Amino acid sequence: MPLVKPADAFVRIENVVKKFGDSTAVDNVNLTIAKNELFALLGSSGCGKST
């Protein structure tokens, strides 16, 4: 996957952490979506896509 230059990023998240009490659901996640790039988040119902 090619790296996206900061000027070309439409969405950028860095070092995201999500915890529920003592349980870590997401740890140090980074995501960059470039301008004009298509992105989809797929998963079954109830798997936490919107968390």
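Tabulated results
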{"item": "Near pairs, Cβ below 9 angstrom, 6+ apart or cross-chain, from the range 1-25 (aromatic (F, W, Y) and surrounded by 11 or more Cβ atoms within 10 Å (Cβ to Cβ)) to any residue that is modelled with pLDDT under 90 and outside any strand (DSSP E or B)", "result": "F10/V4; F10/K35; F10/N36; F10/E37"}
{"item": "Subset of the range 3-39 [farther than 20 Å from S50 by Cα and touching a strand residue (DSSP E or B) at 6+ places or on another chain (Cβ under 9 Å)]", "result": "L3, V4, K5, P6, D8, A9, A34, K35, N36, E37"}
{"item": "Qualifying residues in the range 26-38 (those that are surrounded by 10 or more Cβ atoms within 10 Å (Cβ to Cβ) and within 15 Å of the chain's Cα centre (by Cα)) - the one modelled with the highest pLDDT", "result": "D27"}
{"item": "Enumeration of residues in the range 13-25 that are of a type outside the set (S, T, Y) and at pLDDT 90 or above", "result": "I13, E14, N15, V16, V17, K18, K19, F20, G21, D22"}
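The values are calculated or read from the model by the stated rules, or taken from the named source; none is laboratory data. As the structure is a prediction and not an experimental result, all values here were calculated from the model. Quick reminder, even Gly has a Cβ in these numbers, built from the backbone with ideal geometry, and neighbours come from all protein chains shown.
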